[in-house]
Amino acid sequence: MTALFALATSLLWGLADFGGGLLTRRAPALTVVMVSQSIATVVLGVIVIATGGWSEAGPRLWFAVAAGLVGPVALLSFYQALALGPMGVVSPLATLSVAVPVSVGLVLGERPGLLQIAGIAVAVLGVVLAGGPQLRGAPVQRRAVLLTLVAALGFGTVFVLITEASTTPTGLFLALFVQRLTNVAAGGVALYAAVRRGAPALPEGGLRLSALPVYGFVGLADVAANGTYAVAAQHGPVTVAAVLASLYPVVTALAARGFLRERL
């Protein structure tokens with residue numbers, strides 16, 4: 001079960017990153033984060049009401065609040081990096097986020113076997129190398145690399161926090177809702193501050209209704225990925241779940257190759 005849910009996480013995050021990267025080439029990164037996460041928040045709110053998730057409220061939700069504060073910083077950094085550099089380079093570099101949950105798992109006493117350690121090393125190396133040849137092509141801005149590293153640290157931290165935010169399915173829906181609600185609140189403050197400094201709040205030509213399904217897909221895929229990762233980490237070793245979930249850059253790189261013709 002751990003492997004299945006962790007691989008589903010990779011697929012969902014990879015597709016969400018690809019969609020988010022496309023949107024940030026046409027709209028400000030903060031706008032992409034705000035619109036996509038707002039749609040996800042509304043959908044999750046409906047699910048929480050329908051499932052009676054409010055009954056699961058407790059101290060663990062503070063982990064969801066913390067994840068909600070870290071998440072927008074990571075997403076914003078990542079989307080800005082995707083807008084600056086080739087997806088085939090930026091996305092694989094973000095896989096360094098796996099170092100955070102793996103380190104936490106080791107500190108908490110998890111001891112993967114030699115075969116698992118070898119698999120972890122091969123998986124991480126393979127994801128990073130997925131973007132390697134692209135480095136010989138178009139130059140990658142130093143700012144894009146720095147933003148990606150900030151995003152990787154943030155994503156890894158969210159990995160750890162969201163796993164601790166709930167222990168039941170209905171509680172997970174509530175935790176994801178609280179996380180997204182915090183995302184929107186923090187993102188709204190950041191967007192307001194950016195607009196006050198003169199940054200555009202909307203893409204050139206305004207926000208098109210035809211683009212809303214893409215925004216919705218990005219937000220909901222990101223939410224679903226957080227959920228499947230939490231399930232994977234709760235039913236198996238975090239060191240294994242985190243590594244398998246970190247394969248998402250392969251999906252992003254392949255999507256960029258298939259739709260944008262980026263060279264692999």
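The values are calculated or read from the model by the stated rules, or taken from the named source; none is laboratory data. Every value quoted in this text rests on a predicted model; they were computed, and no experiment measured them. What goes into the accessible areas is simple: the full protein's heavy atoms, side chains included, and nothing from ligands, DNA or RNA. Shrake-Rupley method; radii C 1.70, N 1.55, O 1.52, S 1.80 Å.
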Considering only protein heavy atoms, what per residue accessible area in square angstrom results for the stretch 1-71 with a 1.4 angstrom probe?
44 Å²
Probe 1.4 Å, heavy atoms of protein chains only: per residue, the accessible area of the stretch 180-261 in Å² is 48 Å²
For the stretch 1-95, which whole percent of the accessible surface, found with a 1.4 angstrom probe, sits on carbon and sulfur atoms?
77 percent
Accessible carbon and sulfur surface of the stretch 156-242 relative to its total accessible area, %, 1.4 Å:
69 percent
